[in-house]
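One structure below.
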Amino acid sequence: MAPQDSLIIFFHGIGASGAQLMPLATSWREALPNSRFAAPDAPFPHWRGHQWFRIDGNPLAPENIQSARDGFNKTVSDIIRREGFEARLDRVAFVGVSQGAIVALDGVASGRWQVGALVSFAGLLAPMQVSSKSIETPVLLVHGQDDRTIPSLASTIAAGQLRAAGFNVEIGILPAVGHTISPGGSERGLLFLRKSLA
């Protein structure tokens, strides 16, 4: 059964734009006919496009993490308000790739967002105390085994941290895939969303 009346928000990687993820939304649209899709640009400029947080200096400095969280929260809040999902966060899904996956994972693992599903492609979980506030959010971690930008071990570690906090986590490490969303990864994400949002 296709999900009914849901909102899927995409978060792009560093130096990219939301528009670059819309082909993925287009490929999923037929299987998710009642879903709305949003692919915002990250709030901070990057010389090639946009970014969710700075990577120069120490990206894990407290002020950089807080700035990233504030920008992410405002971006998500604006979309959810515009689409009328304020009281239906269980019908919202986060889908992030690379840096976008990092901020999406942070948003859920920190307990700030209790959404209906989270799909992370080639991401990692920043060092933090994982909150149990969002454990109702099912999580899928998809990673290429040949990723040379963020090693697939990052998703394996994230899965362990999230499960220890009580999250329901699925993980797929895909052979012969690098730092990208492969056709197989896209299909895995789509099936997960159809199941989680049904």
**Request:** Please give the direction-averaged projected area of the C-alpha convex hull for the chain, in square nanometres with one decimal.
**Result:** 10.1
**Item:** Where labels lie 7 Å past Cα in the beta-carbon direction, separation of S67 and Q129 in nm
**Value:** 2.6
**Request:** Post the alpha-carbon centroid distance, the range 147-198 to the range 1-54, in whole angstrom.
**Result:** 17
**Request:** Just name one of I102, G184, G116: the one whose Cα is farthest towards the positive end of the charge dipole of the chain (beta-carbon charges, Lys/Arg +1, Asp/Glu -1).
**Result:** G116
**Rough spin-label spacing in nm, given labels placed 7 Å along Cα→Cβ, for R48 and D78** = 2.4
**Item:** Unit charges on C-beta of K, R, D, E only; dipole of the range 1-160, Debye
**Value:** 140
**Request:** Report the trypsin sites (Lys or Arg not before Pro) located in the range 123-186 that are in a DSSP loop and have at most 16 other Cβ atoms inside 10 Å of their Cβ, or state none.
**Result:** K133, R148
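Here, each number is a calculation from the coordinates, and none is a lab measurement. Values in this document were obtained by computation on a predicted structure and should not be read as measured data. No Cβ is skipped: glycine too gets one built from the backbone with ideal geometry, and neighbour counts run over all protein chains shown.
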